[in-house]
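These notes concern the structure reproduced below.
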Amino acid sequence: MSPPDGAEAIRQIVAMAEMIGWPDPEPLFEPAEAERPYPLEALPRVMADAISEYQAYGQQPLPLVACSALATASLAAQGLADVARDRRLTGPVSLHIATIAISGERKTSADRAFNRPVRDWMRDRRATLQPAADKARAEQLAWRAERDGLLDKIKRAAGGQGKDEANFARYKQRLAELEAAAPRQPILPSLFHEDTNAARLAVDLAEGWPSASVWSDEAGLVVGSHGMNDDNLMGFIGLLNRLWDGQNFERNRLTVKSAQIEGRRLTVSLMMQPVVLTRLLAAGGGASRGMGWIARNLIAWPASTIGFRPYRDAAGMPALDAFHQRVR
């Protein structure tokens with residue numbers, strides 16, 4: 001008797017399962033506990049109304065929409081205030097948020113709907129500062145050229161036995177004046193970092209805009225980046241933990257740029273598929289959990305709404321507009 005073909009073999013297995021009464025297989029990537037109602041009433045009214053209004057249109061899971069709103073509020077407010085639980089326990093209001101949802105859950109749409117005012121502000125602010133930045137860059141080039149020429153004169157005046165004492169002292173004085181008058185480059189806001197690592201992020205925060213985020217609606221770009229591989233993961237997570245606490249951080253290196261982080265604030269907002277979460281939890285021998293970074297995250301893993309989203313017209317959204325105005 002010849003063995004059954006593939007389709008027949010599957011039918012035989014299904015018939016055997018039905019006869020034995022095997023239960024449905026348990027999903028591999030679902031949370032162990034049942035989903036609980038999202039505490040929308042705990043959020044400020046302007047935020048809760050915007051979440052409800054947009055979710056009625058986009059029909060994504062409510063926690064997914066709420067996470068986008070919370071991350072946006074964190075990024076907008078973290079540079080303005082800290083929170084004090086008592087006289088000794090003071091820290092940033094910055095949030096680290098991880099949202100787990102499968103592809104097709106409209107993660108990007110929700111993210112764009114809520115962080116748009118931050119991106120608009122960043123674009124407008126950069127446009128306003130750009131002329132001053134261009135002027136400062138030209139002044140800096142001229143300053144460097146003058147400095148290089150002055151250093152060359154100092155070398156010649158100090159060289160050999162024929163040292164030119166008078167000119168040497170004059171050049172030194174001019175160099176001190178030049179260093180004191182070095183032109184400063186205006187900082188253009190860069191609020192969203194995605195494909196980065198600990199070294200790059202430290203320099204960006206130390207020299208760039210002091211309130212920023214590690215933000216991605218496709219967190220595989222972050223988790224799969226060079227900065228999050230097994231060799232670099234502990235350093236990256238250690239920096240994220242330090243910034244979550246609002247602590248200072250000094251990074252001194254001989255071969256790469258040093259950085260001194262003081263008074264900086266960082267929001268983390270990562271939307272990821274379950275397979276990316278699995279990769280993150282396994283990386284570095286479980287460093288993300290062992291070092292306490294996962295515990296610092298607000299994690300949402302809502303039930304999918306795929307297949308239950310009939311099209312709805314995009315009507316006006318006054319509550320979302322009010323949220324945008326508040327963020328601005």
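Computed from backbone phi with θ = phi - 60° and the Karplus coefficients 6.51, -1.76 and 1.60, the 3J(HN,Hα) list for region 185-199 is 8, x, 8, 8, x, 10, 9, 10, 10, 10, 8, 9, 9, 4, 5 Hz; x is used for glycine and proline. Here the Karplus relation 6.51 cos²θ - 1.76 cosθ + 1.60, evaluated at θ = phi - 60°, turns the backbone of region 221-226 into coupling constants of 5, 7, 5, x, 6, 4 Hz, with x for every Gly and Pro.
Take each of the peptides 170-179, 214-223, average the number of other beta-carbon atoms within 10 Å over its residues, and list them starting from the highest.
Details: 170-179: 13.3, 214-223: 20.7.
The peptides rank, most packed first, as 214-223, 170-179.
Taking amide H as placed 1.01 Å from N in the peptide plane, T267 has its amide H under 5 Å from the amide H of A212, S213, V214, each at least 5 places away in sequence or on another chain. Charged side chains reduced to their Cβ positions (Lys and Arg at +1, Asp and Glu at -1) give region 171-321 a dipole of some 260 debye around its Cα centre.
Full extension of the chain between D164 and L151 yields a length gain of 3.3 nm, computed as 0.36 nm times the residue separation minus the alpha carbon distance. The charge dipole of the chain, taken about its Cα centre with unit charges on the Cβ of Lys, Arg, Asp and Glu (plus for the first two, minus for the last two), comes to roughly 1760 debye. If you compute Cα extents along the principal axes in Å for the structure shown, which of (i) 68, 44, 40; (ii) 51, 44, 30; (iii) 105, 59, 44 do you land on? Answer label, from the structure shown: (iii). For V93, list long-range residues whose amide hydrogen, built 1.01 Å from N in the peptide plane, is under 5 Å from its own amide hydrogen. When sequence neighbours closer than 5 places are left aside, the close amide H contacts are V83. Model label points for E207 and N229, set 7 angstrom from Cα along the Cα-to-Cβ axis, are 2.5 nm apart. Close amide H contacts of I261 (hydrogens built in the peptide plane, cut-off under 5 Å, sequence separation of 5 or more or a different chain): F249, E250, R251. With Cα atoms defining each centre, region 67-109 and region 190-268 are spaced 16 Å apart in the structure.
Take 89-95, 180-186 and order them by the average number of nearby Cβ atoms within 10 Å per residue, most first; the result is 89-95, 180-186.
Residue-wise HN-Hα couplings along region 43-53, as the Karplus relation 6.51 cos²θ - 1.76 cosθ + 1.60 with θ = phi - 60° gives them from phi, are 8, x, 4, 4, 7, 4, 5, 5, 5, 4, 5 Hz; Gly and Pro carry x.
Do any trypsin sites (Lys or Arg not before Pro) in region 72-134 lie in a DSSP loop with no more than 13 other beta carbon atoms within 10 Å, and if so, which? It would help to have the intermediate numbers written out before the result.
On the way: sites: R85, R87, R88, R106, K107, R112, R119, R123, R125, R126; in loops: R85, R87, R88, R106.
Hits after loop and neighbour filter: R85, R87, R88.
May I ask for the net charge around D152, where only other residues with Cβ less than 14 Å from the Cβ of D152 are counted and Lys, Arg are +1 while Asp, Glu are -1? Don't jump to the answer; show the numbers that get you there.
Values: positive: R144, R147, K153, K155, R156, K172, R174; negative: E146, D148, D164.
Taking every other residue near D152 into account, the sum is +4.
For region 167-240, the square roots of the Cα gyration tensor eigenvalues, ordered a ≥ b ≥ c, give a/c of at least 1.5 with a/b greater than b/c, which places it in the prolate category. Label-to-label distance, R87 versus I306, with points set 7 angstrom from Cα along the beta-carbon direction: 5.5 nm. In a fully extended conformation the segment linking R296 and E18 would gain 95.6 nm over its present Cα-Cα distance, using 0.36 nm per residue. Does region 20-155 classify as rounded, prolate or oblate by the C-alpha gyration tensor (a ≥ b ≥ c root eigenvalues; a/c under 1.5 gives rounded; else a/b over b/c gives prolate, otherwise oblate)? Prolate shape, in that a/c is at least 1.5 and a/b is the bigger ratio. Most simply put, the chain has about 25% antiparallel DSSP beta bridges, counting only bridges with both residues inside it. Lysine pair count for the chain with Cα-Cα distance under 22 Å and sequence separation of 8 or more or different chains is 5.
None of the figures in this text is laboratory data; all of them are computed from the coordinates on show. Note that this is a predicted model, so its numbers are computed, not measured. Cβ coordinates were reconstructed from backbone atoms using ideal geometry, including for glycine residues, and neighbour counts include every protein chain displayed.
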